[in-house]
Structures are given as structure tokens and as C-alpha cells.
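The values are calculated or read from the model by the stated rules, or taken from the named source; none is laboratory data. All figures in this text were calculated on a predicted structure; none of them were measured in a lab. Positions of Cβ are generated from backbone atoms using ideal geometry, with glycine treated the same way; all protein chains shown enter the neighbour counts.
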DNA sequence: TCTTGACGCCTAGCTGTTCTAGGCGTATAT
DNA sequence: ATATACGCCTAGAACAGCTAGGCGTCAAGA
């Protein structure tokens, strides 16, 4: 009743997408699979989260998109990181490190 | 221009509050100071985030509130963890561990 | 004296992210 | 024939966090 499987992503989605795209051009559907697979099924990126996020990142100039043929033989929209995207990824990774350090500080606080 | 200092908390606020309250009864204003201090100024909990969160946690039965006199001599609303709150804190800490592990897996992925 | 700032509580309303729940079209397998 | 995987998309709801205000008290300094 309060055991949300919701809000798993907690604002990390952009960073995760940028990271996966940084590994090499990849299309949307595959991005969500890859995130799920690498995270050992912890993250399950819903399509209703994925596609708006991709459009967001593209609009901000962090991703470039191009229609190409996927390995399946079908057309798919491949994304790759822009220079700005690479910088953004670095910034987000740094910020994540600081955030999780700060959280750890608080969680470690014994009375 | 995109260097948000916003959204620092990324859904961790509830957990941080529960943790700080778990250290002992404490009033709202002091909670935000304590979080800021322990996190070495990383987290700055705005009052517009803090108080709604406290009411949320109280409504969910995770916190109990009581007006008492603060060390300053003024009346303040002191919060303490309920049993449910303690369970919730445990669950959130566990989930945070899983989440940050999953993020780490993805960030560590070299090509 | 007056004003500023810290203390301590609160809310309304905006924005942004994520989810649910739907839609579309193609191909393959049952 | 039908389901399932692939692959894209959106609208709308829910919710968290922020900005920007408000209220009242008290101490310190101009």
C-alpha cells in the first residue's frame, strides 16, 4: 500500500540515459533495455518516461537524433551525445557523487 | 543557465528527515539546519520543502508532533518517529542502497 | 527608536519529472 | 488469427520541490 515501485528514478534518468548513449549511438527502445540490463533489472524505464526524456535531452542540445536502420532491420531513431551532452554528463556525474556522499554522511550519523 | 541548484533533494528529503528525527525529538526549523550541517552545507532544505514534507510524513503516520518549548525558550513543534516511521526509514535506506548501487553499476560501465 | 535579522511556523501556486494508459505500425511465431 | 516483440509516440494525472510570499517574537545595532 505504500510500497511504491514508482519514482524509482528519482531524477537520475537523464544522467542514466546520457551515460548509456555515451557508450555509443543507440536507439530509444534499446536504451531502456540497456539500463534495465546493466542495473540488473533494478531500473525499469517506462516508455512514458523514456521518450519524453529523450525529447527533453534533445531539445536541450545534449543529444542528437538520426533515423537509421536498427539491427532488426527496422528504422529506429538513434541518439548520440553532443559536446554539450558530454559536459552535461560530466556535471551530472559529479553532482551525483556529491549528492550520494552527502546522503551517506547523514545516513551514517549515529546519535 | 542550466546549472540548477534546484532539485538537489531528488526524492531523498523524506528519508533525510526521518533519519534526523530518528536521532531524537527535534523541531522543524532545527531539522533543516541539522541536515545542512551534517551534509556540510550540501543540502539546503528550503522551508517551502520542509514544512509540507513534515506534514506529509505526519499524515502518513511516520512522525508524531507535539508542541514544546525549544531551547530558545519559544514554542516549537517537536517531531518524533513512530514505529511505522522507523520501518519506513529502514525501507527507504535499503531502497537507497539498492538505487545507488544500480546507478553505480551504470556509471561504471565502460564501453 | 527603528529596523534588521534570526528564530519558528505556515501556505499558494508554479514547474518539472514520472507514471499510467492509451495509440500506431510492422514483423514473426503460434 | 492472434499474440508478442519491436519501435515510436502522447495526454493527463500525481506528486515533489521551489519561489515567494505571510505571520509573530525577540535581540542587536544604527
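The C-beta contact set for the stretch B:71-99 (first residue closer than 22 Å to residue A:10 by Cβ, second residue assigned to a strand (DSSP E or B) and within 16 Å of DNA strand C (Cβ to nearest atom), distance under 6 angstrom, 6+ apart or interchain) comprises B:85/B:63. The residues in the stretch B:55-86 that are out of contact with any helix residue (DSSP H, G or I) (no Cβ under 7 Å at 6 or more places or on another chain) and within 10 Å of another protein chain (Cβ to nearest Cβ) can be counted, and the count is 2. Among the residues making up the stretch B:21-61, those that are within 16 Å of residue B:9 (Cβ to Cβ) and not in a helix (DSSP H, G or I) are B:39, B:40, B:41, B:42, B:43, B:44, B:45, B:46.
For the stretch B:11-23, state whether one or more residues are out of contact with any helix residue (DSSP H, G or I) (no Cβ under 7 Å at 6 or more places or on another chain), at pLDDT below 95 and within 11 Å of DNA strand C (Cβ to nearest atom). So far as the stretch B:11-23 goes, yes, one or more of its residues are out of contact with any helix residue (DSSP H, G or I) (no Cβ under 7 Å at 6 or more places or on another chain), at pLDDT below 95 and within 11 Å of DNA strand C (Cβ to nearest atom).
The set of residues from the stretch A:24-56 being more than 13 Å from DNA strand C (Cβ to nearest atom), more than 18 Å from residue A:75 (Cα to Cα) and within 12 Å of the chain's Cα centre (by Cα) comprises A:34, A:38. Scanning the stretch B:90-111 for residues that are outside any helix (DSSP H, G or I) and either touching a helix residue (DSSP H, G or I) at 6+ places or on another chain (Cβ under 8 Å) or more than 9 Å from every other protein chain (Cβ to nearest Cβ) (or both) yields a single hit, B:109.
Scan the stretch A:3-61 for residues that are at positive phi and away from DNA strand D (no atom under 12 Å from the Cβ) and report the count.
If we filter the stretch A:3-61 for residues that are at positive phi, which is where we start, we get A:7, A:10-11, A:24, A:40-41, A:61.
Checking the rest, the ones that are also away from DNA strand D (no atom under 12 Å from the Cβ) come to A:24, A:40-41, A:61.
Selection size over the stretch A:3-61: 4.
Residues checked against (1) in contact (Cβ under 8 Å) with a residue 12 or more places away in the chain; (2) crowded, with 20+ Cβ neighbours inside 10 Å:
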position	(1), (2)
B:16	yes, yes
B:29	yes, no
B:38	yes, yes
B:52	no, no
B:64	yes, no
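Among the conditions (1) facing another protein chain (nearest Cβ under 9 Å); (2) under 14 Å from residue A:102 (Cα atoms), the only one that residue B:24 does not satisfy is (2).
Working only within the stretch B:10-21, note down all residues that are more than 9 Å from every other protein chain (Cβ to nearest Cβ) and over 20 Å from residue B:99 (Cα atoms). Before you say what the answer is, go through the steps one by one.
Going through the stretch B:10-21, the residues more than 9 Å from every other protein chain (Cβ to nearest Cβ) turn out to be B:13-14, B:17-18, B:21.
Correct list: B:21 only.
Could you please let me know if residue A:78 is modelled with pLDDT of 95 or more, on the phi < 0 side of the Ramachandran plot, surrounded by 13 or more Cβ atoms within 10 Å (Cβ to Cβ) and over 13 Å from the mean Cα position of the chain (by Cα)? So residue A:78 passes the test.
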